[in-house]
Amino acid sequence: MLAFGGWNQGGLQPREPTGDAELSEARARMVREQLVARGIVNPRVLEAMAQVPRHAFVPAGERDRAYEDGPLPIGHGQTISQPYLVAFMTEALDPKPTDRVLEVGTGSGYQAAVLSGLVAEVWSIERLEPLARRAEADLGRLGFANVKVRWGDGFLGWPEAAPFDAIIVTCAPEEVPPALVTQLKTGGRMILPVGSQWGAQEMVILRKTDAGLEKKAVLPVRFVPMVPGRKPSEP
Ligand code: SAH
């Protein structure tokens, strides 16, 4: 049962009518063949992936491929992640209805939309202004009212909104950014790809405990790099 988020408050239909049975069927097939078949089991995560219209977050020219098994270009050299990785990272975060979650790398806004129905609040930071503005507009138009988007530098986190129950980073830094660890609650979870742009990257799951940081590498991956941004107030 998805209790939060604007898009399902009137029932189980996304607010934007796709008007297109083919897209709904393709999305249902994506859940079965790409997610369930590969071991995603959290029913809330599967429901969110079945509900959120991924096609509304990709450029019009890519819409027919929105439910295919891979990343897609979203402009400015960036990509919307493969659906399986979105589901995998969301499941690994263990999202709770009361959680306040930070996302670094808003991109299209799709990952934030998936989290929107699973947690209380999503705070999402994007380095590239046009992507931040577009995602903010799309999320608003589609009714994902509990997502806030900021154009800024994810390396700094979002100190005014911290601490967070969970943090998800969808671009790859070479090291875990210290500010993000600081902004994670004790008991909180973080998932992020770590590694160099050219070499190996690994998906890492962190848990902050009283005793320190528990760290587990779970999957070799390839994400766009996390690049230091600038503050909106800088010239
Ligand atoms: N979660 C996104 C995927 C985005 S791809 C989605 O669902 O579509 C990763 C994004 O991280 C890119 O848009 C890139 O511009 C952004 N990024 C890279 N470095 C960043 C930084 N330092 N701070 C914030 N965003 C960053």
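The values are calculated or read from the model by the stated rules, or taken from the named source; none is laboratory data. Bear in mind the structure is a predicted one, so any value in this text is a computation, not a measurement. Don't worry about glycine lacking a Cβ; one is built from the backbone with ideal geometry, like all the others, and counts go over all protein chains shown. Surface areas here come from the heavy atoms of the whole protein model, side chains and all, with no ligands, DNA or RNA. Shrake-Rupley method; radii C 1.70, N 1.55, O 1.52, S 1.80 Å.
Structure data summary
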read-out	value
For the chain, share of DSSP beta bridges that run antiparallel, in % to the nearest 5	50
Cα extents of the chain along the three principal axes, largest first (Å)	48, 41, 35
Solvent-accessible area per residue for region 2-221 (1.4 angstrom probe, square angstrom)	42
Eligible lysines near residue 185 by straight Cα distance, threshold 19 Å, same-chain separation 8 or greater	96, 208, 215, 216
Residues listed by number, region 100-133, amide nitrogen under 20 Å from residue 94 label point at 7 Å toward C-beta	100-103, 115-122
Estimated distance in nm for a label pair at residue 202 and residue 145, the labels positioned 7 Å out from Cα along Cα-to-Cβ	4.3
Net lengthening on full extension, residue 62/residue 41 (0.36 nm per residue, minus Cα-Cα)	4.8 nm
Helical mean residue ellipticity (222 nm; -39500 (n - 2.57) per DSSP H run of 4+; nearest 500) of the chain	-6500 deg cm²/dmol
Whole-number D in µm² s⁻¹ for region 136-235, Kirkwood Cα-pair radius fed into Stokes-Einstein, 10 °C, 1.306 mPa s	108
Cleavage-rule hits (trypsin sites (Lys or Arg not before Pro)) in region 165-235: DSSP loop, at most 15 neighbouring Cβ within 10 angstrom	222, 230
Estimated dipole of region 134-235 in Debye, rounded to 20 [Cβ of Lys and Arg +1, of Asp and Glu -1, Cα centre]	200
Viscosity 1.567 mPa s, 4 °C: Kirkwood-radius Stokes-Einstein D of region 53-150 over Cα pairs, µm²/s	97
Degrees between helix 83-93 axis and first principal axis of the chain (Cα, 0 to 90, nearest 10)	50
Most mobile listed residue (83, 178, 97) in the chain, GNM with C-alpha springs under 10 Å	178
Accessible carbon and sulfur surface of region 75-146 relative to its total accessible area, %, 1.4 Å	53
Cα gyration tensor category, rounded, prolate or oblate, for region 27-106 with a/c compared to 1.5	oblate
Calculated FRET value between residue 25 and residue 174, using beta carbons and R₀ = 45 Å, to 0.05	0.65
